[in-house]
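Asker: Take this structure, written in structure tokens, and hold onto it; I'll ask about it next.
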Amino acid sequence: MNKPILNVKNLTMNFGGLKALDDVSIAIEKGQIAALIGPNGAGKTTFFNCITGIYEPTNGIVEITPPGKNTQSLRGLKPNYVTERGIARTFQNIRLFHGMTVLENVMIGRHCRLSSGIIKAMLQPPSQKNEEQKAVTDSYEILEKIGLEQYVNDMAVNLPYGAQRRLEIARALATDPFLLLLDEPAAGMNPQETKELDDLILWLRDNENLTILLIEHDMKLVMSLSDWIHVVDYGKKIAEGTPADIKANSDVIKAYLGEDSDDA
Amino acid sequence: MAIKNQIKQSLIIAFWFMILTFPIMVIKVNTIQNTIYFRWANLLWVGIVTFFASMVWNYFLRRNEAQKKKEIDDDIPLIHRLLQNDRFRRPFLGLLAAFFIAYPFVFPMYHTSIMISALVYVMLGLGLNIVVGLAGLLDLGYVAFYAVGAYAYALLNLHFGLSFWVVLPMSALLGTLFGVMLGYPVLRLRGDYLAIVTLGFGEIIRIVLENWDDFSNGPRGIADIPPPSFFGHYFDQHNTMIYIYFIVIGLVLMTIFFVNRLENSKIGRAWIALRDDEIACQAMGIDKFKTKLTAFALGATWAAMGGVVFAAKTSYINPMSFTIWESITILCVVVIGGMGSAIGVIAGALVLILLPEYLRAVAEYRMLVFGALQVIVMVFKPDGLIKSVRKVYTFNVQEKTIHEQTHT
Ligand SMILES: Nc1ncnc2c1ncn2[C@@H]1O[C@H](COP(=O)(O)OP(=O)(O)OP(=O)(O)O)[C@@H](O)[C@H]1O
Ligand SMILES: [Mg+2]
């Protein structure tokens, strides 16, 4: 049997007295679109932060098995190394670089795949120039794929909200990931934009060979997209299964009805 | 209604100023005759002037805000538009070059000397701009690296007879080294903490220079530092000044050249990303610490070179030239010129260093006027005199080739 691409075992994260994550185990198979859902404050974003090295988990194992490579542990790695290993993410509260253009935002994603250092930047030998050119073309191509090429030279802050969310995805793609973590990509989008996002995520899985784990409150989107759904509540994992299983699961219904959730 | 509120507010401000300035503007004590005069007329004047000043101030503030709302932050400064336009770029740069070449021959030596100081600040400003403007690290001890350069030349010349041209590249390396050494322990800190620790480091270097008598000659400083030679030949005083002027021009051009390249490279983008959002920056695969350290060290490189020129020009240095005020002035150059904007920093240095010299006409109010001008710039142009503009790439979609269009 193939090893899961991301294997998280018994993950616990304490903030002082608060157990934001309590013994959570989640495995993601290659080529899946998996969803992580749960009421507000359930610990979903914290889960992402623990995997990507922004938080160091109190306990647990985080392992990845990149396609064609050996299994390795991510525990204790700094965020930039996690990204280098091939995990990219977007943020729930959009975190674009507002002092830069749209293209440059994507080029930042290419950063860890470029090799030229300071001396080369100052002297600009042909190798550096070619690399830089290639970074520009690659980034532009990514913008075309995501459908943002008309904004290429605009400042990132001046983009409409939906486009900013897509730019976050473009920027994450630029790091050449095998696993993409999306934190509420549809938040704040209108139905039209959500539909386009739906198509984009499917397209990414099918054409870019990506595995996708998304956090989302829009249940319609989650149910239509996901192959597999994991549910957390108060830091504990309460269920996992196909969309149909989850819809019928009494624990999940209780968790959602007991809370004031955004969507039904 | 707005007008009414306005008047009310200005009246309150005027009244407050009348109270504040009462002791100095109204009361005059004659200690010889032991009498006190009350100059009530002054009180009235203070009130009237403050009232109108406040009205005018508010008017401009309001207009500024209205303008900002209209256009969403994509107005390009005039100078950038000039440089982008091919028809204007060449004549404009030509004129600029002609002016700077003719300058030392047209104006007397005093003006050349002032201009050299201003150009050294352009170098320092561009260096600090990497640290503060691009990487967003508030460094209040930048002058330490300036001192390293100046003392490196003075001491290496004194003890080993090394010449300007030998020490200049050495000082660049020395500056980088000091940048790494000082940066390593402090760059784990952020924001205000970093500012305070760098301020401390700056002062430590100055205090060491002041007290380590055997090494640096203490507060007496080092005199008779030779000017740069021209293939072993020394000019007379006047021509030396002109010679140094052109050396500085050369160094400034070199600085602009390299800083511009850095700014639009992988490392420059990483600095800006780090400034804008540290967490997102790391999540994009950028090593936070390494990126900060390179910014800090490269900034120090230019400060040290500036220090060598300074020592060669004044021929005398002592620790008093490297106080915290120097750091503050360089920081002002960057902030007022325009954070992250090379052209802005150049303009900032020229304005900030030349203006006080030419304001000597208004003698005792010089610093007051200067301070007021800085406040006005910051209130009405918070992005600085000339704000930064990012590189624009144009794409030919059919052929997928890229034509770069650079302007800085
Ligand atoms: N850095 C932190 N320090 C202390 N507590 C934290 C920290 N980060 C998150 N928490 C807490 O952990 C819990 C889980 O937060 P998290 O952001 O992971 O929720 P979430 O499931 O993403 O919710 P939402 O749907 O609202 O985004 C919350 O109670 C939150 O207050
Ligand atoms: Mg969240």
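The values are calculated or read from the model by the stated rules, or taken from the named source; none is laboratory data. All of these numbers come straight from a predicted model, not from anything done at the bench. Every residue, glycine as well, gets a Cβ built from its backbone with ideal geometry; the counts of neighbours run over all protein chains shown. Just so you know, the surface numbers come from the protein's heavy atoms only, side chains and all, with ligands and any DNA or RNA stripped out. Shrake-Rupley method; radii C 1.70, N 1.55, O 1.52, S 1.80 Å.
Asker: What longest region of chain B stays clear of GluC sites (Glu not before Pro) that DSSP places outside H, G, I, E and B and that have at most 14 other Cβ atoms within 10 Å?
Answerer: Within chain B, the longest run free of exposed GluC sites (Glu not before Pro) spans B:72-398.
Asker: With only alpha-carbon pairs counted, each pair once and no self-pairs, how large is the Kirkwood hydrodynamic radius of chain B in angstroms?
Answerer: Numbers: mean 1/r = 0.0417 Å⁻¹.
For chain B, inverting the mean 1/r across all distinct Cα pairs yields 24.0 Å.
Asker: Per residue and in cubic angstrom, what volume does the convex hull of the Cα atoms of chain A have? Can you show the working numbers first?
Answerer: Values: hull volume 38.2 nm³, N = 264.
Value for chain A: 145 Å³ per residue.
Asker: Something else: Probe radius 1.4 Å, ligands and nucleic acids left out: can you give me the accessible area buried at the B-A interface, summed over both chains, in Å² to the nearest hundred? Please report the intermediate quantities before stating the final value.
Answerer: Numbers: alone 22910 and 12910 Å², together 31990 Å².
Looking at B and A, the buried total is near 3800 Å².
Asker: Right, another one. With the dipole of segment B:144-259 worked out from charges on the C-beta (+1 for Lys and Arg, -1 for Asp and Glu) around the Cα centre, which of B:TYR151, B:GLY161, B:GLY250 lies farthest toward the positive end?
Answerer: B:GLY250
Asker: Which whole-number percent is the relative contact order of segment A:1-119 (Cα, under 8 Å, 6+ apart)?
Answerer: Once normalised by length, the contact order is 23 percent.
Asker: Rounded to the nearest 20 Debye, what is the dipole magnitude of the protein assembly as shown about its Cα centre when Lys and Arg each give +1 and Asp and Glu each give -1 at the C-beta?
Answerer: Numbers: 59 positive and 60 negative charges, 302 e Å.
Approximately 1460 debye in magnitude.
Asker: I'd like the accessible area for B:ILE376, computed on protein heavy atoms only with a 1.4 Å probe and all protein chains in place. Round to 10 Å², please.
Answerer: Taking all protein chains as shown, B:ILE376 has close to 70 Å².
Asker: Mind checking which of A:ASP218, A:ASP251, A:ASP176 has the largest fluctuation in a GNM of chain A, springs on alpha carbons under 10 Å?
Answerer: Checking each option, the largest mean-square fluctuation is seen for A:ASP251.
Asker: Tell me what chain B gives for mean residue ellipticity at 222 nm when only DSSP H runs of n ≥ 4 count, each as -39,500 (n - 2.57), the sum divided by the residue total, rounded to 500 deg cm²/dmol.
Answerer: Values: 16 runs with 282 residues, N = 408.
The helix-only estimate for chain B comes to -23500 deg cm²/dmol at 222 nm.
Asker: Using a 1.4 angstrom probe, figure out how much accessible area segment A:172-233 has per residue, in square angstrom, rounded to the nearest whole.
Answerer: Roughly 34 Å² per residue, with all protein chains present.
Asker: Oh, and also: What FRET efficiency comes out for the pair B:ASP214/B:MET181, r = Cβ-Cβ distance, R0 = 22 Å, nearest 0.05?
Answerer: Details: r = 22 Å, r/R0 = 0.99.
So, using R0 = 22 Å, E works out to roughly 0.50.
Asker: Now for a separate question. How big is the gap, in Å, between the Cα center of segment B:315-380 and the Cα center of segment A:190-250?
Answerer: That distance is 57 Å.
Asker: For B:MET241, A:MET100, give the ranking by accessible area with the largest first, probe 1.4 Å. Walk me through the intermediate numbers first.
Answerer: Numbers: B:MET241 25, A:MET100 0 Å².
So, going from the largest accessible area down, we get B:MET241, A:MET100.
Asker: With every protein chain left in place, what is the accessible area per residue of segment A:98-168 in square angstrom, probe 1.4 Å?
Answerer: On the way: 2750 Å² over 71 residues.
Per residue, segment A:98-168 has 39 Å² of solvent-accessible surface.
Asker: Also: For the protein assembly as shown, which whole-number percentage of the solvent-accessible area (1.4 Å probe, protein heavy atoms only) is attributable to carbon and sulfur atoms?
Answerer: Values: 19810 of 31990 Å².
Solvent-exposed carbon and sulfur of the protein assembly as shown make up 62 percent of the total.
Asker: Any chance you could list the semi-axes, whole Å, largest first, of the equivalent ellipsoid that the Cα gyration tensor gives for segment B:2-70, using √(5λ)? Spell out each step's value before the answer.
Answerer: Details: eigenvalues 256, 22, 11 Å².
After scaling each eigenvalue by five and taking roots: 36, 11, 7 Å.
Asker: Can you tell me the accessible area per residue over chain B, all protein chains present, probe 1.4 angstrom, in square angstrom? Write out the running numbers ahead of the final one.
Answerer: Details: 20960 Å² over 408 residues.
With the other protein chains kept in place, chain B gives 51 Å² per residue.
Asker: Mind pulling the per residue volume of the convex hull built on the Cα atoms of the protein assembly as shown? Å³ is fine. Numbers along the way, then the final one.
Answerer: Numbers: hull volume 165.2 nm³, N = 672.
Spelled out: Cα convex hull of the protein assembly as shown, divided by residues, is 246 Å³.
Asker: Sticking with this one: Sort B:ASP224, B:ASP213 by heavy-atom solvent-accessible area, probe 1.4 angstrom, most to least.
Answerer: Details: B:ASP224 140, B:ASP213 65 Å².
Of B:ASP224, B:ASP213, the descending order of accessible area is B:ASP224, B:ASP213.
Asker: Multiply the residue gap between B:HIS111 and B:ALA2 by 0.36 nm, knock off their C-alpha separation, and tell me the result in nm, one decimal place.
Answerer: Numbers: separation 109, 0.36 × 109 = 39.24 nm, distance 4.87 nm.
Taking 0.36 nm per residue and subtracting the Cα distance, the gain is 34.4 nm.
Asker: Also: Measure of size requested: the Rg and Dmax of segment A:158-264, with Cα atoms as the atom set and Å as the unit; please supply both.
Answerer: Rg, Dmax (Cα atoms, Å): 14.7, 44.
Asker: Take every Cα-Cα distance within segment A:98-168, group them into 10 Å bins from 0 onward, and report for each bin the whole-number percent of pairs it holds.
Answerer: Pair shares across the bins are 20, 47, 26, 7.
Asker: Let me ask something else. Using only Cα atoms, find the angle between the long axis of helix A:126-146 and the longest principal axis of chain A, and express it within 0 to 90 degrees, rounded to the nearest 10.
Answerer: Taking Cα atoms only, the helix is inclined about 40 degrees.
Asker: How much of the DSSP beta bridge set in the protein assembly as shown is antiparallel, as a percent to the nearest 5? Spell out each step's value before the answer.
Answerer: Details: 31 of 47 bridges.
So the antiparallel bridges amount to about 65 percent of the total.
Asker: Okay, moving on. Using only alpha-carbon positions, what ratio does the radius of gyration of segment B:52-152 give when scaled by 2.2 N^0.38 Å? Working shown, then result.
Answerer: Working: Rg = 19.9 Å, N = 101, 2.2 N^0.38 = 12.7 Å.
Output field value: 1.57.
Asker: Can you compute log10 of I(q)/I(0) for segment B:288-364 with the Debye formula, treating each Cα as one identical point scatterer, at q = 0.11 Å⁻¹?
Answerer: For segment B:288-364, the Cα-only Debye profile gives -0.38.
Asker: Once the Cα gyration tensor of segment A:1-132 is diagonalised, what are the square roots of 5 times its eigenvalues, in whole Å and ordered largest first, as equivalent ellipsoid semi-axes? Walk me through the intermediate numbers first.
Answerer: Values: eigenvalues 212, 72, 40 Å².
Equivalent ellipsoid semi-axes, largest first: 33, 19, 14 Å.
Asker: Just B:SER388, B:SER229, B:SER341 to compare: in a GNM of chain B, with alpha carbon springs under 10 Å, which one fluctuates most?
Answerer: Result: B:SER229 has the largest fluctuation of those listed.
Asker: Could you give the length gained by full extension between B:ASN30 and B:LEU189, i.e. 0.36 nm per residue of separation minus their alpha carbon distance, to one decimal place? Could the numbers behind the result be given before it?
Answerer: Values: separation 159, 0.36 × 159 = 57.24 nm, distance 5.40 nm.
So the chain would gain 51.8 nm between B:ASN30 and B:LEU189.
Asker: Kindly report, to the nearest 10 Å², the accessible surface of A:TRP228 as traced by a 1.4 Å probe over protein heavy atoms only.
Answerer: That residue has around 80 Å² of solvent-accessible surface.
Asker: Also: Mind giving me the FRET efficiency for B:ALA41 and B:ARG63? R0 is 41 Å, r the Cβ-Cβ distance, nearest 0.05 is fine. Spell out each step's value before the answer.
Answerer: Values: r = 34 Å, r/R0 = 0.82.
With R0 = 41 Å, the Cβ-Cβ based efficiency is 0.75.
Asker: State the Cα centre-to-centre distance between segment B:252-293 and segment B:205-244 in whole Å.
Answerer: Centre-to-centre distance over Cα atoms comes out at 34 Å.
Asker: Could you work out the relative contact order of chain B, using alpha carbon pairs under 8 angstrom and six or more residues apart, expressed as a whole percent? Before the final figure, lay out each step's value.
Answerer: Working: 555 pairs, mean separation 96.2, N = 408.
Reported relative contact order: 24 percent.
Asker: Please report the accessible area of B:ASP214 (heavy atoms, 1.4 Å probe, ligands and nucleic acids excluded) in Å², nearest 10.
Answerer: 140
Asker: Can you compute the modelled spin-label distance between A:SER25 and B:VAL375, with each label point 7 Å from Cα toward Cβ, in nm?
Answerer: It is 6.7 nm.
Asker: Taking Cα pairs under 8 Å and at least six residues apart, what relative contact order does segment B:65-191 come out at, in percent?
Answerer: On the way: 38 pairs, mean separation 17.7, N = 127.
Computed over segment B:65-191, the figure is 14 percent.
Asker: Work out which residues of segment A:133-176 lose at minimum 50 square angstrom of accessible surface when the other protein chains are put back, relative to the chain isolated, with a 1.4 angstrom probe, and list them by number.
Answerer: Hits at the 50 Å² cut-off: A:GLN133, A:VAL136, A:TYR140, A:ASN153, A:ASN158.
Asker: Hey, for a label at B:ALA223 modelled as a point 7 Å past Cα toward Cβ, could you say which residues of segment B:150-168 have their backbone N under 16 Å away?
Answerer: It comes to B:158, nothing else.
Asker: On to the next question. Under a plain spin-label model, where a point goes 7 Å from the Cα along Cα-to-Cβ, how far apart in nm are B:LEU355 and A:ASN153?
Answerer: Rounded to a tenth, the inter-label distance reads 3.2 nm.
Asker: So how far apart, in nm, are the two label points at B:MET254 and B:ARG90 if each is 7 Å from Cα heading toward Cβ?
Answerer: Result for the modelled spin labels: 2.9 nm.
Asker: Suppose R0 equals 41 Å. What FRET efficiency, 1/(1 + (r/R0)^6) with r the Cβ-Cβ distance, do B:PHE52 and A:GLN92 give to the nearest 0.05?
Answerer: Values: r = 51 Å, r/R0 = 1.24.
For R0 = 41 Å, the calculated efficiency reads 0.20.
Asker: Which whole DSSP H helices in chain B pass both tests: a Cα extent of 27 Å or more along the axis and a mean Kyte-Doolittle value no lower than 0.5?
Answerer: Numbers: long enough: B:2-21 (28 Å, 1.02); B:40-70 (46 Å, 0.00); B:86-106 (30 Å, 0.84); B:109-128 (28 Å, 1.56); B:164-186 (32 Å, 1.69); B:191-211 (30 Å, 0.99); B:237-263 (38 Å, 1.21); B:288-314 (39 Å, 0.68).
Answer set is B:2-21, B:86-106, B:109-128, B:164-186, B:191-211, B:237-263, B:288-314.
Asker: Find, among the chymotrypsin sites (Phe, Trp or Tyr not before Pro) in segment A:20-86, those assigned to loop by DSSP (not H, G, I, E, B) with at most 15 other beta-carbon atoms within 10 angstrom. Please report the intermediate quantities before stating the final value.
Answerer: Details: sites: A:PHE47, A:PHE48, A:TYR55, A:TYR81; in loops: A:TYR55.
Sparse-neighbourhood loop chymotrypsin sites (Phe, Trp or Tyr not before Pro): none present.
Asker: Sticking with this one: Taking accessible area as the heavy-atom solvent-accessible surface of the protein chains with a 1.4 Å probe, which residues of segment B:282-325 lose no less than 10 Å² upon going from the isolated chain to the full protein assembly?
Answerer: Residues meeting the cut-off: B:GLN282, B:ALA283, B:MET284, B:GLY285, B:ILE286, B:ASP287, B:THR294, B:LEU298.
Asker: Another question about this same structure. Which residues belonging to segment A:78-95 lose at least 50 Å² of 1.4 Å-probe accessible area when the assembly is complete, relative to their chain isolated?
Answerer: A:ASN80, A:ARG95
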